[in-house]
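The values are calculated or read from the model by the stated rules, or taken from the named source; none is laboratory data. This one's a predicted model, so the numbers in the text were calculated from it and none came from an experiment. We place every Cβ from the backbone using ideal geometry, glycine too, and count neighbours over all the protein chains shown. Ligands, DNA and RNA are excluded from the accessible area calculation, which covers all protein heavy atoms including side chains. Shrake-Rupley method; radii C 1.70, N 1.55, O 1.52, S 1.80 Å.
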Amino acid sequence: MNTKEILKKVRKIEIKTRRLSDHIFGGEYHSSFKGRGMTFSEVRQYQFGDDVRSIDWNVTARYSEPYVKVFEEERELTMMLLVDVSGSESFGTSHQFKKDTITEIAATLAFSATQNNDKVGLILFSDDVELFIPPKKGKSHVLRIIRELIEFKPKSKKTNIAAALKFLSSVLKKRAIVFMLSDFMDDDYEKTLKIAAKKHDLTGIKVFDKHDEEIPNLGMVPVLDAENGSVQLVNTSSKSVRNSYKANALRLNDYFTNTFKRGGAGTINTRVDESYVKKLLGYFKHKGR
(Lines give C-alpha, C1' and ligand atoms only; values in the text may rest on other atoms or scores of the structure.)
Protein backbone atom coordinates (compact mmCIF):
# COMPACT_ATOMS: atom_id res chain seq x y z
CA MET A 1 0.00 0.00 0.00
CA ASN A 2 1.12 3.55 -0.71
CA THR A 3 0.92 6.32 1.90
CA LYS A 4 -2.54 7.46 0.79
CA GLU A 5 -3.96 3.94 1.02
CA ILE A 6 -2.37 3.40 4.45
CA LEU A 7 -3.83 6.65 5.80
CA LYS A 8 -7.23 5.71 4.38
CA LYS A 9 -7.10 2.35 6.14
CA VAL A 10 -5.93 3.95 9.39
CA ARG A 11 -8.90 6.34 9.21
CA LYS A 12 -11.32 3.48 8.51
CA ILE A 13 -10.07 1.50 11.50
CA GLU A 14 -10.13 4.64 13.66
CA ILE A 15 -13.78 5.33 12.86
CA LYS A 16 -14.86 1.75 13.57
CA THR A 17 -12.85 1.13 16.72
CA ARG A 18 -13.23 4.64 18.16
CA ARG A 19 -17.00 4.19 18.10
CA LEU A 20 -16.66 0.90 19.96
CA SER A 21 -14.32 2.32 22.58
CA ASP A 22 -16.44 5.45 23.10
CA HIS A 23 -19.84 3.79 23.38
CA ILE A 24 -19.10 0.28 24.60
CA PHE A 25 -15.70 -0.30 26.14
CA GLY A 26 -14.79 3.01 27.78
CA GLY A 27 -16.78 2.50 30.99
CA GLU A 28 -16.15 -1.24 31.12
CA TYR A 29 -12.40 -0.72 30.71
CA HIS A 30 -12.39 1.88 33.48
CA SER A 31 -14.21 -0.36 35.94
CA SER A 32 -12.15 -3.43 35.02
CA PHE A 33 -8.71 -1.95 35.51
CA LYS A 34 -8.26 0.03 38.68
CA GLY A 35 -5.76 2.77 39.32
CA ARG A 36 -2.81 2.56 41.65
CA GLY A 37 -4.79 3.65 44.69
CA MET A 38 -6.97 6.37 46.19
CA THR A 39 -5.68 9.92 46.62
CA PHE A 40 -7.11 12.71 48.78
CA SER A 41 -9.22 15.15 46.76
CA GLU A 42 -11.10 17.50 49.13
CA VAL A 43 -13.27 17.80 52.22
CA ARG A 44 -17.00 18.44 52.19
CA GLN A 45 -19.83 18.57 54.70
CA TYR A 46 -21.04 15.26 56.06
CA GLN A 47 -24.15 13.88 54.34
CA PHE A 48 -26.51 11.21 55.57
CA GLY A 49 -25.12 7.80 54.59
CA ASP A 50 -21.45 8.84 54.53
CA ASP A 51 -18.99 6.45 56.17
CA VAL A 52 -18.19 7.87 59.64
CA ARG A 53 -14.65 6.53 59.21
CA SER A 54 -14.06 9.22 56.57
CA ILE A 55 -14.78 12.11 58.95
CA ASP A 56 -11.97 14.66 59.11
CA TRP A 57 -11.90 15.39 62.82
CA ASN A 58 -9.59 18.42 62.57
CA VAL A 59 -11.88 20.24 60.10
CA THR A 60 -14.95 19.09 62.03
CA ALA A 61 -13.56 20.61 65.25
CA ARG A 62 -12.68 23.86 63.46
CA TYR A 63 -16.15 24.42 62.00
CA SER A 64 -18.18 22.70 64.74
CA GLU A 65 -20.00 20.52 62.21
CA PRO A 66 -18.98 17.22 60.61
CA TYR A 67 -16.83 17.17 57.46
CA VAL A 68 -15.60 14.14 55.55
CA LYS A 69 -12.53 13.49 53.43
CA VAL A 70 -13.21 12.76 49.76
CA PHE A 71 -10.85 10.45 47.89
CA GLU A 72 -10.67 9.70 44.19
CA GLU A 73 -9.02 6.94 42.22
CA GLU A 74 -5.52 7.63 40.97
CA ARG A 75 -6.01 6.66 37.31
CA GLU A 76 -2.48 6.95 35.97
CA LEU A 77 -2.21 3.60 34.16
CA THR A 78 -0.15 2.18 31.32
CA MET A 79 -1.44 -0.25 28.72
CA MET A 80 1.01 -2.34 26.74
CA LEU A 81 0.00 -4.16 23.57
CA LEU A 82 2.13 -7.20 22.66
CA VAL A 83 1.25 -8.11 19.08
CA ASP A 84 2.38 -11.21 17.20
CA VAL A 85 3.50 -10.32 13.66
CA SER A 86 4.76 -13.79 12.66
CA GLY A 87 3.84 -15.43 9.38
CA SER A 88 0.85 -17.37 10.68
CA GLU A 89 -1.03 -14.12 11.38
CA SER A 90 -1.31 -13.50 7.61
CA PHE A 91 -3.80 -16.31 7.31
CA GLY A 92 -7.58 -16.33 6.98
CA THR A 93 -10.12 -18.40 5.09
CA SER A 94 -13.60 -17.17 5.88
CA HIS A 95 -13.75 -13.52 6.89
CA GLN A 96 -10.41 -11.74 7.06
CA PHE A 97 -6.79 -12.34 7.99
CA LYS A 98 -5.98 -12.88 11.65
CA LYS A 99 -3.71 -9.82 11.57
CA ASP A 100 -6.67 -7.63 10.51
CA THR A 101 -8.77 -8.77 13.47
CA ILE A 102 -5.78 -8.31 15.79
CA THR A 103 -5.32 -4.75 14.49
CA GLU A 104 -8.97 -3.89 15.16
CA ILE A 105 -8.89 -5.34 18.68
CA ALA A 106 -5.61 -3.55 19.48
CA ALA A 107 -7.01 -0.25 18.20
CA THR A 108 -10.20 -0.64 20.25
CA LEU A 109 -8.18 -1.32 23.40
CA ALA A 110 -5.84 1.60 22.71
CA PHE A 111 -8.70 4.07 22.24
CA SER A 112 -10.37 2.76 25.42
CA ALA A 113 -7.15 3.49 27.32
CA THR A 114 -6.85 6.95 25.74
CA GLN A 115 -10.43 7.74 26.73
CA ASN A 116 -9.34 7.14 30.34
CA ASN A 117 -6.22 9.27 29.86
CA ASP A 118 -3.92 6.25 30.17
CA LYS A 119 -0.65 5.69 28.34
CA VAL A 120 -0.41 3.12 25.55
CA GLY A 121 2.69 1.34 24.21
CA LEU A 122 3.32 -1.32 21.59
CA ILE A 123 5.62 -4.31 21.19
CA LEU A 124 5.60 -6.15 17.85
CA PHE A 125 7.23 -9.57 18.02
CA SER A 126 8.02 -12.62 15.89
CA ASP A 127 10.75 -14.88 17.25
CA ASP A 128 12.37 -11.65 18.45
CA VAL A 129 11.11 -8.19 19.38
CA GLU A 130 10.84 -6.32 16.07
CA LEU A 131 9.49 -2.96 17.27
CA PHE A 132 9.06 -1.23 20.62
CA ILE A 133 7.05 1.97 20.95
CA PRO A 134 7.27 3.32 24.53
CA PRO A 135 3.97 4.19 26.25
CA LYS A 136 2.58 7.69 25.66
CA LYS A 137 -0.76 9.46 25.86
CA GLY A 138 -2.89 10.99 23.13
CA LYS A 139 -4.83 10.28 19.96
CA SER A 140 -1.91 10.97 17.61
CA HIS A 141 0.16 8.37 19.44
CA VAL A 142 -2.63 5.77 19.08
CA LEU A 143 -2.89 6.56 15.35
CA ARG A 144 0.84 5.92 15.03
CA ILE A 145 0.36 2.54 16.71
CA ILE A 146 -2.46 1.66 14.30
CA ARG A 147 -0.33 2.65 11.33
CA GLU A 148 2.52 0.40 12.52
CA LEU A 149 0.06 -2.48 12.95
CA ILE A 150 -1.10 -2.02 9.34
CA GLU A 151 2.14 -1.45 7.46
CA PHE A 152 4.90 -3.06 9.54
CA LYS A 153 6.91 -5.70 7.67
CA PRO A 154 8.54 -8.17 10.09
CA LYS A 155 12.04 -9.49 9.46
CA SER A 156 11.12 -12.98 10.67
CA LYS A 157 8.06 -15.17 10.15
CA LYS A 158 8.66 -17.33 13.23
CA THR A 159 7.17 -17.03 16.74
CA ASN A 160 8.74 -16.88 20.19
CA ILE A 161 6.26 -15.82 22.87
CA ALA A 162 8.78 -16.31 25.68
CA ALA A 163 11.16 -13.78 24.08
CA ALA A 164 8.39 -11.16 23.90
CA LEU A 165 7.39 -11.68 27.53
CA LYS A 166 11.02 -11.53 28.65
CA PHE A 167 11.47 -8.21 26.82
CA LEU A 168 8.28 -6.86 28.42
CA SER A 169 9.57 -7.65 31.90
CA SER A 170 12.87 -5.92 31.15
CA VAL A 171 11.51 -2.64 29.74
CA LEU A 172 8.47 -1.99 31.97
CA LYS A 173 9.48 -1.44 35.56
CA LYS A 174 6.06 -0.35 36.86
CA ARG A 175 2.90 -2.45 36.83
CA ALA A 176 0.95 -2.20 33.57
CA ILE A 177 -2.15 -3.56 31.86
CA VAL A 178 -0.83 -5.94 29.20
CA PHE A 179 -2.72 -7.50 26.31
CA MET A 180 -0.91 -10.13 24.27
CA LEU A 181 -2.55 -10.72 20.87
CA SER A 182 -1.53 -13.82 18.95
CA ASP A 183 -2.75 -17.15 17.58
CA PHE A 184 -0.44 -18.71 20.22
CA MET A 185 1.01 -21.33 17.87
CA ASP A 186 3.93 -21.75 20.22
CA ASP A 187 4.72 -23.38 23.55
CA ASP A 188 7.46 -23.44 26.19
CA TYR A 189 6.66 -19.99 27.59
CA GLU A 190 5.16 -20.91 30.97
CA LYS A 191 8.14 -19.76 33.06
CA THR A 192 8.42 -16.31 31.47
CA LEU A 193 4.64 -15.87 31.55
CA LYS A 194 4.50 -16.49 35.30
CA ILE A 195 7.14 -13.81 35.84
CA ALA A 196 5.31 -11.29 33.62
CA ALA A 197 1.86 -12.06 35.09
CA LYS A 198 3.17 -11.62 38.62
CA LYS A 199 4.35 -8.12 37.76
CA HIS A 200 1.59 -7.00 35.36
CA ASP A 201 -2.15 -7.40 34.78
CA LEU A 202 -1.81 -9.75 31.81
CA THR A 203 -4.43 -11.00 29.35
CA GLY A 204 -3.82 -13.28 26.37
CA ILE A 205 -6.15 -12.72 23.40
CA LYS A 206 -6.07 -15.68 21.05
CA VAL A 207 -7.22 -14.81 17.52
CA PHE A 208 -7.63 -17.83 15.28
CA ASP A 209 -9.19 -19.09 12.05
CA LYS A 210 -11.50 -22.11 11.96
CA HIS A 211 -8.99 -23.91 9.72
CA ASP A 212 -6.28 -23.45 12.35
CA GLU A 213 -8.12 -26.23 14.17
CA GLU A 214 -9.58 -28.36 11.39
CA ILE A 215 -8.22 -29.04 7.92
CA PRO A 216 -10.90 -29.70 5.25
CA ASN A 217 -10.98 -32.82 3.09
CA LEU A 218 -9.55 -31.53 -0.22
CA GLY A 219 -7.45 -34.49 -1.32
CA MET A 220 -3.75 -33.97 -2.05
CA VAL A 221 -2.93 -30.29 -1.60
CA PRO A 222 0.32 -28.28 -1.26
CA VAL A 223 0.47 -26.71 2.19
CA LEU A 224 2.70 -23.73 2.97
CA ASP A 225 4.10 -23.33 6.47
CA ALA A 226 3.91 -19.54 6.84
CA GLU A 227 6.54 -19.50 9.58
CA ASN A 228 9.34 -21.49 7.96
CA GLY A 229 8.44 -21.14 4.27
CA SER A 230 8.39 -24.87 3.54
CA VAL A 231 5.79 -26.42 1.21
CA GLN A 232 4.59 -29.99 1.64
CA LEU A 233 2.06 -32.14 -0.17
CA VAL A 234 -0.56 -33.19 2.38
CA ASN A 235 -3.19 -35.85 1.86
CA THR A 236 -6.14 -34.11 3.48
CA SER A 237 -8.46 -36.97 2.55
CA SER A 238 -6.64 -39.08 5.15
CA LYS A 239 -8.59 -39.18 8.39
CA SER A 240 -5.42 -39.78 10.41
CA VAL A 241 -3.81 -36.67 8.89
CA ARG A 242 -6.85 -34.55 9.75
CA ASN A 243 -7.02 -36.02 13.26
CA SER A 244 -3.30 -35.38 13.82
CA TYR A 245 -3.72 -31.78 12.62
CA LYS A 246 -6.65 -31.23 15.00
CA ALA A 247 -4.88 -32.91 17.92
CA ASN A 248 -1.90 -30.56 17.59
CA ALA A 249 -4.21 -27.52 17.46
CA LEU A 250 -6.03 -28.70 20.59
CA ARG A 251 -2.70 -29.32 22.35
CA LEU A 252 -1.54 -25.76 21.68
CA ASN A 253 -4.89 -24.33 22.74
CA ASP A 254 -4.85 -26.32 25.99
CA TYR A 255 -1.29 -25.17 26.65
CA PHE A 256 -2.31 -21.53 26.10
CA THR A 257 -5.40 -21.75 28.33
CA ASN A 258 -3.79 -23.72 31.16
CA THR A 259 -0.51 -21.80 31.15
CA PHE A 260 -2.24 -18.42 31.43
CA LYS A 261 -4.62 -19.74 34.10
CA ARG A 262 -1.78 -21.19 36.20
CA GLY A 263 0.12 -17.94 35.83
CA GLY A 264 -2.84 -15.90 37.13
CA ALA A 265 -3.47 -14.24 33.77
CA GLY A 266 -6.73 -13.86 31.84
CA THR A 267 -7.63 -15.31 28.44
CA ILE A 268 -9.95 -14.45 25.56
CA ASN A 269 -10.53 -16.71 22.55
CA THR A 270 -12.03 -15.19 19.41
CA ARG A 271 -12.32 -16.60 15.90
CA VAL A 272 -11.98 -14.23 12.96
CA ASP A 273 -15.57 -14.94 11.84
CA GLU A 274 -16.97 -14.28 15.34
CA SER A 275 -17.75 -10.99 17.10
CA TYR A 276 -14.75 -9.98 19.16
CA VAL A 277 -16.92 -7.19 20.59
CA LYS A 278 -19.00 -9.67 22.60
CA LYS A 279 -15.87 -11.50 23.76
CA LEU A 280 -14.13 -8.33 24.99
CA LEU A 281 -17.24 -6.90 26.61
CA GLY A 282 -17.98 -10.17 28.43
CA TYR A 283 -14.38 -10.33 29.66
CA PHE A 284 -14.38 -6.73 30.93
CA LYS A 285 -17.71 -7.17 32.72
CA HIS A 286 -16.53 -10.36 34.42
CA LYS A 287 -13.21 -8.77 35.39
CA GLY A 288 -14.90 -5.67 36.80
CA ARG A 289 -17.05 -7.61 39.27
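In a residue-by-residue description of the stretch 227-241, the property of being open to solvent by 40 Å² or more (accessible area, probe 1.4 Å), on the phi < 0 side of the Ramachandran plot and touching a residue at least 40 places away in the same chain (Cβ under 8 Å) applies to at least one position.
Every residue, every condition in (1) under 18 Å from Met180 (Cα atoms); (2) of a type outside the set (A, V, I, L, M, F, W, C), yes or no:
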site: Ile105; (1), (2): yes, no
site: Thr108; (1), (2): yes, yes
site: Phe111; (1), (2): yes, no
site: Lys119; (1), (2): yes, yes
site: Ile123; (1), (2): yes, no
site: Val129; (1), (2): yes, no
site: Gly138; (1), (2): no, yes
site: Ile145; (1), (2): yes, no
site: Ile150; (1), (2): yes, no
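Per the listing Ala197, Ala163, the residue uniquely touching a Gly at 6+ places or on another chain (Cβ under 7 Å) and of a type in the set (A, V, I, L, M, F, W, C) is Ala197. Of all the criteria given as (1) out of contact with any Phe, Trp or Tyr (no Cβ under 7 Å at 6 or more places or on another chain); (2) over 20 Å from Lys9 (Cα atoms); (3) modelled with pLDDT of 95 or more, the one not satisfied by Val129 is (1).
Filter the stretch 185-236 for residues that are among the β-branched types (Val, Ile, Thr) and out of contact with any helix residue (DSSP H, G or I) (no Cβ under 7 Å at 6 or more places or on another chain); which is modelled with the highest pLDDT? Within the stretch 185-236, the match that is modelled with the highest pLDDT is Thr203. For Ser140, the requirement of being at pLDDT below 90, within 15 Å of Ile13 (Cα to Cα) and either surrounded by fewer than 20 Cβ atoms within 10 Å (Cβ to Cβ) or touching a helix residue (DSSP H, G or I) at 6+ places or on another chain (Cβ under 6 Å) (or both) is not met. In the stretch 175-224, the residue that is farthest from Tyr29 (Cα to Cα) out of those that are open to solvent by 50 Å² or more (accessible area, probe 1.4 Å) and free of Cβ contacts under 8 Å to residues at least 24 places away in the same chain is Met220. Please work out if Ile268 is in a strand (DSSP E or B) and either hydroxyl-bearing (Ser, Thr, Tyr) or open to solvent by less than 60 Å² (accessible area, probe 1.4 Å) (or both). Criteria met by Ile268. Annotation: Val83 fulfils all but one of (1) within 20 Å of Val272 (Cβ to Cβ); (2) assigned to a helix (DSSP H, G or I); the unmet one is (2).
Being within 26 Å of the chain's Cα centre (by Cα), part of a helix (DSSP H, G or I) and farther than 30 Å from Leu281 by Cβ narrows it down to one of Asn248, Asn258, Asn253, so name that one.
Of the residues listed, the single one that is within 26 Å of the chain's Cα centre (by Cα), part of a helix (DSSP H, G or I) and farther than 30 Å from Leu281 by Cβ is Asn248.
The requirement of being under 23 Å from the mean Cα position of the chain (by Cα), surrounded by fewer than 20 Cβ atoms within 10 Å (Cβ to Cβ), assigned to a helix (DSSP H, G or I) and modelled with pLDDT under 90 is not satisfied by Ser88. If you filter the stretch 209-223 down to residues that are part of a helix (DSSP H, G or I) and among the charged types (D, E, K, R), you find that the one that is nearest to Leu250 (Cα to Cα) is Glu213.
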